[in-house]
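Here's the structure, in structure tokens; my notes come after.
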Amino acid sequence: MSAPTQPAFTTALLAGALAGTTVDLSLFPLDTLKTRLQSSSGFLASGGFTGIYRGVGSAIVGSAPGAALFFCTYEYTKSFLSARRHAKQVIEGQSGEWTAPIEHMVAASLGEVAACAVRVPTEVIKQRTQAGQYPSSLSTIKAILSQRRAIGVSGVWMELYRGWSVTIMREVPFTVIQFPLWESMKEYRRRKSGKDSISAWESGLFGSAAGAIAAGTTTPLDVLKTRMMLAKEKTAVIPLLKQILRDSGPRAFFAGIGPRILWISAGGAIFLGSYQWAYNALSGEGDS
């Protein structure tokens, strides 16, 4: 088997940007409902079913660069590790195919860390607006920046990156589950069909299934992230964990699991389907 070709930088960049914008805008209402269900203020106090597009401005600004960063890092890391494995196969004559899922885990994890540089500030602004703390994304960012005199530039920076650690704690396990599943499903389909390429609808179907499994598994971490970002004062993970258990019990960690699975299952189909469509169209591979 020959080593896979490395994708062009612009292909991963543009396909990722298109995929991120498409999924965030199309499923924004479900994301809002999930955030309000997880809010410590309660669903109705956070806005209920009204203003479900509140905070969409931050999503529009952050979606494309965040997803583009993810896929550029993911594709390049995956190609680099895969090329090393194929070179080792030639030299040592060993199969080494069992290491492919590990390569996907490493590549996806690094991709998530890179994407969080954009995603975390976007999430802070978006979720505070979704939960009704401020009327718009612009007023949310103004409120955060207005604290500069009281807490300094470093304090504002830390406020924008509130929940960085717990976001990484959520995203890395999520992507370690989703992307190896997605890649293995695609590889199985290639072997069954005898084709080297995957169509957009096949990629979307596999992305939906992988996303649903990953979403259900990581919901407790998502609840922790949401509570941390919405808290009026910065709180460490362990004290927050104890507070949620004390005030609401273990069931609180599965708040919003229905909308989250529905949102990410549909999102996985749109995100990875539109990515594959754009990737195929830009690289001239397979069917769109």
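The values are calculated or read from the model by the stated rules, or taken from the named source; none is laboratory data. This structure is a prediction, so every number in the text was calculated from the model and none was measured. With ideal geometry, Cβ positions are generated from the backbone for all residues, glycine too; neighbour counts draw on all protein chains shown. For the accessible areas, the whole protein counts, side chains as well, though only heavy atoms, and no ligand, DNA or RNA atoms are used. Shrake-Rupley method; radii C 1.70, N 1.55, O 1.52, S 1.80 Å.
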Measuring from the longest principal axis of the C-alpha atoms of the chain, the long axis of helix 148-160 (C-alpha) lies at a number of degrees, nearest 10, equal to 30
So, relative contact order of the stretch 60-202 in percent, Cα under 8 Å, 6 or more apart, is 28
Under the 7 Å Cα-to-Cβ spin-label approximation, ILE102 and ARG189 lie apart by a distance in nanometres of 2.7
Taking Cα atoms, the helix 9-26 axis meets the longest principal axis of the chain at an angle in degrees (rounded to 10) of 40
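Over the stretch 124-252, what is the relative contact order in whole percent, taking alpha-carbon pairs under 8 Å and six or more residues apart? Walk me through the intermediate numbers first.
Details: 87 pairs, mean separation 35.5, N = 129.
Rounded, it is 28 percent for the stretch 124-252.
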At 20 °C and 1.002 mPa s, the Stokes-Einstein diffusion coefficient in µm²/s for the stretch 23-153, with hydrodynamic radius from the Kirkwood sum on alpha carbon pairs, is 125
Inter-part gap, Cα centre of the stretch 23-47 to Cα centre of the stretch 184-244, in whole angstrom, is 17
Karplus ³J(HN,Hα) for the stretch 207-221 (6.51 cos²θ - 1.76 cosθ + 1.60, θ = phi - 60°; Hz, whole; x = Gly/Pro) runs x, 5, 5, 5, x, 4, 5, 5, 5, x, 5, 9, 4, x, 5
Residue-normalised value, i.e. accessible area per residue, for the stretch 149-288 at 1.4 Å probe, in Å², stands at 49
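Given a 1.4 angstrom probe, I'd like the percentage of the accessible area of the stretch 119-268 that is carbon and sulfur, rounded to a whole number.
On the way: 4550 of 7230 Å².
With neighbouring chains kept in place, the figure for the stretch 119-268 is 63 percent.
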For the stretch 126-258, shape from the Cα gyration tensor axes a ≥ b ≥ c, cut at a/c of 1.5 then a/b versus b/c, turns out prolate
In whole Hz, the Karplus estimates of ³J(HN,Hα) for the stretch 175-181 (6.51, -1.76, 1.60; θ = phi - 60°; x where Gly or Pro) are 6, 5, 7, 5, 6, x, 5
Output for the stretch 172-278: GluC sites (Glu not before Pro) sitting in coil per DSSP, at most 15 other Cβ within 10 Å, listed by number, reads GLU233
Order by accessible surface, 1.4 Å probe, largest leading, for residues TYR74, TYR279, TYR134, TYR188 comes to TYR188, TYR134, TYR279, TYR74
Once normalised by the length of the chain, the mean sequence separation of its alpha carbon contacts under 8 Å that are 6 or more apart gives a contact order in percent of 26
Which of LYS78/LYS234; LYS78/LYS225; LYS34/LYS234; LYS34/LYS232; LYS78/LYS195; LYS142/LYS242 exceed 26 Å between C-alpha atoms? The answer is LYS78/LYS234; LYS78/LYS225; LYS142/LYS242
Diffing the stretch 36-43: the Karplus 3J(HN,Hα) column from phi (6.51, -1.76, 1.60, θ = phi - 60°), in whole Hz with x for Gly and Pro, holds 5, 5, 8, 5, 5, 6, x, 4
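If LEU27, LEU262 are ordered by their accessible area, calculated over protein heavy atoms with a 1.4 Å probe, which sequence runs from highest to lowest?
Numbers: LEU27 20, LEU262 100 Å².
So, going from the largest accessible area down, we get LEU262, LEU27.
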